[in-house]
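Structure first, commentary second.
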Amino acid sequence: MDLADPFTFISDILMALFCAYFGYKLFHEFTSTYAKLAAFFFLFLGFSAFLGGSAHLLDLYLGKNPHLTAWTMQGVSILFLQLASLKLIPSAKVNFILRLLIFAFFGIFISQIITVQHFDVVKVNSVVGLIGIVSIIHIYNYFQERDAAYLRIPLVIALFACPAMIHSFDIYLNKWIDQNVISHLLLLPCYYLLYSAIKQVPITKMKTQRVPQSVPLEEK
C-alpha cells in the first residue's frame, strides 16, 4: 500500500490520545453539566483527529469523504464547548437566543462543509465558536465574578492562533514535517492548557455555590 502523510497520521493520533484522555478525565471527575459538555468537546475533537489522520494516511484510497467526516466532527466538538459555555449564563432569555444562534450557525457550517468542501470552513467555524461565543461568555463571567478561572480560557484560546497561522501560511521543514505536523504538535500543549483551564471552572462554581453551615449561637 502507498501510505500518504505518515507523520501527519502520527501527529493526529497523538492529538486523538490527548483529547480522549482529557475528555475522559472531565467526564468522570466532575458532575456539572458544564464539565460533561466540555468533555464531549474533547472526545469529539479526538475522534475528529483520528479520522483526519486516517484520511491523510489512506488519502490515495479513501478520497475526500473521510476528510469531510473529520471536519464535521470537529465542528460538533466546537458546538459542545459552546453549549457548555451557555451553562454559565443565568438569564434564560439570553441563553435561549444564543442557543438559537449557535445551532443556526452550526446548520450553516454543515451546509458549507457539504458544498464548499474546504478546510477554511472549519477555521471560520472554530473562530466564531471559540472567540465569538466561548471566549466572550467566559470574559463576561470574569467581570461579573472577578475570578481568574474564567479569564484563563480565552487566554488559552488565544494561544491557538500560533498553530493556526503555521497551518494557514504553510510553514514547514520538509515534505515529511509539513505544516500539518508542526501545527498538530503545537496544538498538544494548547489542548493541555485548555483542559487545565476548563476544569477550574466547575471547581470555582462549586466554591461559590457552597452554602456555609450555620453556627449555633452560644448561650449566655
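The values are calculated or read from the model by the stated rules, or taken from the named source; none is laboratory data. The shown structure was predicted, so the numbers you read here are calculated from the model rather than taken from an experiment. For neighbour counting, all protein chains shown are included, and Cβ atoms are generated from backbone atoms with ideal geometry for every residue, glycine included.
Scanning the stretch 143-154 for residues that are at pLDDT below 95 and surrounded by 15 or more Cβ atoms within 10 Å (Cβ to Cβ), which turns out farthest from I108 (Cα to Cα)? It comes out as D147. Filtering the stretch 2-47 to residues that are farther than 13 Å from L81 by Cβ and among the small types (G, A, S) leaves A4, S11, A16, A20, S32, G46.
Any residue in the stretch 194-205 that is under 26 Å from A84 (Cα atoms) and touching a Ser or Thr at 6+ places or on another chain (Cβ under 7 Å)? There is at least one residue in the stretch 194-205 that is under 26 Å from A84 (Cα atoms) and touching a Ser or Thr at 6+ places or on another chain (Cβ under 7 Å). The helices (runs of 4 or more DSSP H) falling completely within the stretch 103-206 that include 2 or more residues that are under 27 Å from Y21 (Cβ atoms) and among the hydrophobic types (A, V, I, L, M, F, W, C) map to 119-127, 148-159, 161-168. Residue count for the stretch 8-28 satisfying the condition of being surrounded by fewer than 20 Cβ atoms within 10 Å (Cβ to Cβ) and at pLDDT below 95: 0. Each residue in the stretch 92-134 was checked for being among the hydroxyl-bearing types (S, T, Y) and under 18 Å from the mean Cα position of the chain (by Cα), and 1 of them qualify.
Is it true that I113 is surrounded by 20 or more Cβ atoms within 10 Å (Cβ to Cβ) and farther than 26 Å from S32 by Cα? When the stated conditions are applied, I113 passes them.
Would you confirm whether any residue within the stretch 18-41 is in a helix (DSSP H, G or I) and touching a His at 6+ places or on another chain (Cβ under 7 Å)? No - not one qualifying residue is present in the stretch 18-41. Kindly establish whether S135 is among the polar types (S, T, N, Q) and crowded, with 21+ Cβ neighbours inside 10 Å. Judged against the criteria, S135 is not a match. Please indicate, with yes or no, whether at least one residue in the stretch 60-77 is free of Cβ contacts under 8 Å to residues at least 12 places away in the same chain and either part of a helix (DSSP H, G or I) or under 15 Å from the mean Cα position of the chain (by Cα) (or both). Checked the stretch 60-77: at least one residue is free of Cβ contacts under 8 Å to residues at least 12 places away in the same chain and either part of a helix (DSSP H, G or I) or under 15 Å from the mean Cα position of the chain (by Cα) (or both). Residues in the stretch 50-77 that are at pLDDT 95 or above, touching a Ser or Thr at 6+ places or on another chain (Cβ under 6 Å) and not small (G, A, S): 3 in all.
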